[in-house]
Amino acid sequence: MKVLVALKHVGAVSGVLEVDGDHIDPAFLEFAMSDADGYAVEAALLMRDRAEAEEVVVVTCGGEPATAVVRDAMSMGVDRGFRMSAEDMGFDPLAVGRVLCEAVTSECPDLLLVGVQSSDLGQQSVGPATAALLGWPCVVGATAVQVDGKTLTAHRELEGGAQEIVSCELPAVVTVQTGPHQPRYGSFKDKMAAKKAEIPSHTTGVTPRVRVVAMRPAISTGNAEFISGDPRSIAEKLLEMVRAEQ
Amino acid sequence: MTAIVVIAEVSDSDFDPITAELVSAALQTGAEEVHVVAWGLTQSQAVGYEGVKSILLAECAPNSVEQIKELIHQALMRTQATCVVASFNWRNTEFAASVAAMNDMSIVTDCLSLETQPSGWRVSRPAYSGKVEVDLHVDGGLVALLRDRVWPAARRDPVPVVTMSTLTSVSAVSQVGSTEAPRSGVDLNSAGVIFAVGRGLGAEGVPEFVELTNRLGVALGASRPVVDAGWLPHAHQIGQSGTSVAPRLYIAFGISGAMQHLVGIRKAQRIVAINTDPQAPIFSIADVAVVAEGTEVVKAMLDLLPSS
């Protein structure tokens with residue numbers, strides 16, 4: 001069985017930020033693999049460890065800098081990775097879904113794993129969108145995935161701490177939730193290989209239908225009343241608030 | 001003509017109050033027609049809203065995501081709507097993107113504004129973990145999942161009810177087992193005061209934090225990363241994939257405020273947040289903001305409380 005894992009290269013704002021019209025100066029952003037995607041890679045590697053999967057391949061969608069997340073996954077131990085070269089479509093999950101369909105057509109995986117949501121936007125949409133476009137079943141929010149022959153079984157979280165176990169036939173799409181199986185650190189050998197690897201890229205004809213027209217810093221302080229002071233005086237104020245409610 | 005279908009939220013044999021917000025958001029877009037799609041109500045329970053053209057009521061409640069998708073598709077065909085509006089919650093994210101894919105529409109979740117445009121829609125939503133707000137132009141049709149508590153409530157008013165048949169489509173994913181939420185003695189739902197701990201306190205800060213909640217007799221909550229890291233059991237998790245809470249007082253220590261956490265605490269009467277980052281998104285919904293190191297505040301509170 002072959003697993004394809006889709007990865008998003010996400011930017012996080014560090015410290016003070018400046019917005020310039022419709023984008024943020026990349027100098028204010030720190031890029032990394034989206035949190036949940038690391039858990040998706042881990043889920044795929046666990047399947048390979050258990051001999052349920054023979055090959056784990058990763059794909060990302062974006063410009064040249066996005067190859068960094070392919071290397072990150074290779075240093076965790078995936079077999080190989082590639083990039084679908086595309087203009088910025090981070091705000092259009094359906095467009096990303098169409099690109100992933102192209103990747104699926106060329107790779108023919110039995111299972112597509114994606115993070116349940118990206119850490120920058122949290123739209124929770126790429127997985128279900130891609131599944132619908134492919135006509136594959138979709139399991140949302142899995143914390144554990146197993147495959148036996150052509151049957152997939154997944155544990156998924158429901159609201160309030162309940163869980164359900166679901167099953168479906170392959171091929172399928174599963175969106176992976178962060179959970180107890182923390183992404184691994186790869187071996188020294190994998191890290192060196194990831195550094196040197198050629199990351200192939202393929203062009204895509206997909207154009208996004210959702211575009212950014214303006215961007216501004218969110219009013220992060222809202223209506224909050226700020227209190228300051230040394231830890232002891234803050235502690236006293238908080239205890240007062242708690243006692244008023246008890 | 002532009003038409004919108006609103007997917008109702010239903011609770012206690014009536015429209016949930018969130019439905020009134022979704023309806024008023026749809027009415028404010030400038031669309032000519034707004035229809036409401038609902039299930040799980042009888043015809044007499046489905047009292048509509050002022051300005052709504054019709055309620056499309058499923059004759060029986062769908063029991064799978066496939067049936068929900070089919071119902072929405074039916075409603076779109078019937079009304080010629082080019083926009084679907086629903087609440088941004090865990091259930092709806094399971095079908096919203098596939099509804100968009102099936103009907104050649106785009107999807108935007110966590111919307112803070114929505115209006116019609118000559119060739120599509122204009123929406124705004126947060127980006128970069130809530131630190132930025134973006135305006136987006138969407139070409140063509142749109143499935144928009146809206147954040148709650150942004151729009152005012154629409155007024156109730158009876159409107160015509162049309163029934164839709166629920167098809168017996170088969171789900172490709174079947175449930176083979178389930179586990180109840182573990183009985184843990186943690187009752188976050190009815191707690192009056194909740195202290196919640198985030199990643200910012202670090203693993204080493206958690207035991208002292210637990211001690212503090214014990215001495216004060218307040219409920220202990222946690223953000224998702226704290227639970228994922230195994231620092232506290234899942235029963236303590238607050239947020240979209242955990243428990244939604246409504247205490248009188250909620251104090252968050254070292255929680256930056258990922259959207260998935262914030263949706264779980266919006267019903268708290270008073271929110272106090274302690275974080276070292278003055279731009280932490282949690283401050284956007286806090287009533288009281290404290291820029292400080294959470295572990296030091298916890299230590300200072302313990303010093304002020306006698307151990308028993």
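The values are calculated or read from the model by the stated rules, or taken from the named source; none is laboratory data. Bear in mind that the values here come from a model prediction, so they are computed numbers and not experimental data. Using ideal geometry, Cβ is built from the backbone for each residue, glycine included, and neighbour counts are taken over all protein chains shown.
Descriptive notes on the structure:
- The residues on offer are B:Glu66, B:Glu50, B:Glu115, B:Glu70, and the sole one that is of a type in the set (D, E, K, R), out of contact with any helix residue (DSSP H, G or I) (no Cβ under 8 Å at 6 or more places or on another chain), modelled with pLDDT of 90 or more and crowded, with 17+ Cβ neighbours inside 10 Å is B:Glu70.
- Of all residues making up the range B:221-231, the number that are of a type outside the set (D, E, K, R) and surrounded by 21 or more Cβ atoms within 10 Å (Cβ to Cβ): 6
- Verdict on A:Glu102 being surrounded by fewer than 21 Cβ atoms within 10 Å (Cβ to Cβ) and more than 9 Å from chain B (Cβ to nearest Cβ): yes
- Counted as qualifying within the range A:138-243 are the strands (runs of 3 or more DSSP E) with 1 or more residues that are within 7 Å of another protein chain (Cβ to nearest Cβ), namely A:138-148, A:151-157, A:163-169, A:210-217, A:225-227.
- Criterion: under 29 Å from A:Glu240 (Cα atoms), touching a residue at least 40 places away in the same chain (Cβ under 8 Å), touching a strand residue (DSSP E or B) at 6+ places or on another chain (Cβ under 7 Å) and β-branched (Val, Ile, Thr) - qualifying residue of B:Val197, B:Val218: B:Val197
- Within the range B:85-135, the set of residues being among the aromatic types (Phe, Trp, Tyr) and either within 19 Å of the chain's Cα centre (by Cα) or facing chain A (nearest Cβ under 8 Å) (or both) comprises B:Phe88, B:Trp90, B:Phe95, B:Tyr128.
- When B:Leu57 is tested against (1) outside any loop (DSSP other than H, G, I, E, B); (2) free of Cβ contacts under 8 Å to residues at least 40 places away in the same chain; (3) of a type outside the set (Lys, Arg); (4) farther than 22 Å from B:Asp148 by Cβ, just one condition goes unmet, and that condition is (2).
- Scanning the range B:128-144 for residues that are over 30 Å from A:Ala218 (Cβ atoms) and at pLDDT 90 or above turns up nothing.
- Yes/no for A:Ala53 being in a helix (DSSP H, G or I) and more than 11 Å from every other protein chain (Cβ to nearest Cβ): no
Matching residues to (1) among the small types (Gly, Ala, Ser); (2) buried (at least 24 other Cβ atoms within 10 Å of the Cβ); (3) on the phi > 0 side of the Ramachandran plot:
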{"site": "A:Cys61", "(1), (2), (3)": "no, yes, no"}
{"site": "A:Thr67", "(1), (2), (3)": "no, no, no"}
{"site": "A:Asp79", "(1), (2), (3)": "no, no, no"}
{"site": "A:Leu121", "(1), (2), (3)": "no, yes, no"}
{"site": "A:Ser125", "(1), (2), (3)": "yes, yes, no"}
{"site": "A:Ala131", "(1), (2), (3)": "yes, yes, no"}
{"site": "A:Ala144", "(1), (2), (3)": "yes, no, no"}
{"site": "A:Thr153", "(1), (2), (3)": "no, no, no"}
{"site": "A:Leu158", "(1), (2), (3)": "no, no, no"}
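- The range B:101-123, residues that are out of contact with any Phe, Trp or Tyr (no Cβ under 8 Å at 6 or more places or on another chain) and closer than 23 Å to A:Arg98 by Cα: B:Ala101, B:Met102, B:Asn103, B:Asp104, B:Met105, B:Ser106, B:Ile107, B:Ser119, B:Gly120, B:Trp121, B:Arg122, B:Val123
- Residue match in the range A:179-194 (condition: at pLDDT 90 or above, under 28 Å from A:Asp92 (Cα atoms) and touching a Ser or Thr at 6+ places or on another chain (Cβ under 8 Å)): no
- Residue within the range B:105-127 that is at positive phi and either in a loop (DSSP other than H, G, I, E, B) or of a type in the set (Val, Ile, Thr) (or both) present: no
A quick yes/no check of all residues on (1) modelled with pLDDT of 95 or more; (2) in contact with an Asp or Glu (Cβ under 7 Å, 6 or more places away or on another chain); (3) farther than 22 Å from A:Gln124 by Cβ; (4) surrounded by fewer than 19 Cβ atoms within 10 Å (Cβ to Cβ):
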| site | (1), (2), (3), (4) |
| --- | --- |
| B:Ala246 | no, no, yes, yes |
| B:Gly254 | yes, no, yes, no |
| B:Gly264 | no, no, no, no |
| B:Gln269 | no, no, yes, yes |
| B:Pro281 | no, no, no, no |
| B:Val298 | yes, yes, yes, no |
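- Of B:Pro225, B:Pro281, all but one fail to be at the interface with chain A (Cβ under 7 Å from one of its Cβ atoms) and more than 21 Å from A:Glu245 (Cβ to Cβ); the exception is B:Pro281.
- Candidate set: the range A:12-46, residues that are part of a loop (DSSP other than H, G, I, E, B) and small (Gly, Ala, Ser); chosen: the one surrounded by the most Cβ atoms within 10 Å (Cβ to Cβ): A:Ser34
- Index of the failed condition, B:Ala101 passing every other in (1) more than 23 Å from B:Gly239 (Cβ to Cβ); (2) touching a residue at least 60 places away in the same chain (Cβ under 8 Å): (2)
- Scanning the range A:173-231 for residues that are among the hydroxyl-bearing types (Ser, Thr, Tyr), over 26 Å from A:Ser125 (Cα atoms) and either touching a Phe, Trp or Tyr at 6+ places or on another chain (Cβ under 9 Å) or touching a residue at least 40 places away in the same chain (Cβ under 8 Å) (or both) returns A:Tyr185, A:Ser187, A:Thr221.
- Counted residues, the range B:21-54 - those being assigned to a strand (DSSP E or B) and not hydrophobic (A, V, I, L, M, F, W, C): 4
- Answer from B:Val143, B:Val138 - the residue that is crowded, with 17+ Cβ neighbours inside 10 Å, β-branched (Val, Ile, Thr) and farther than 22 Å from B:Ala58 by Cβ: B:Val138
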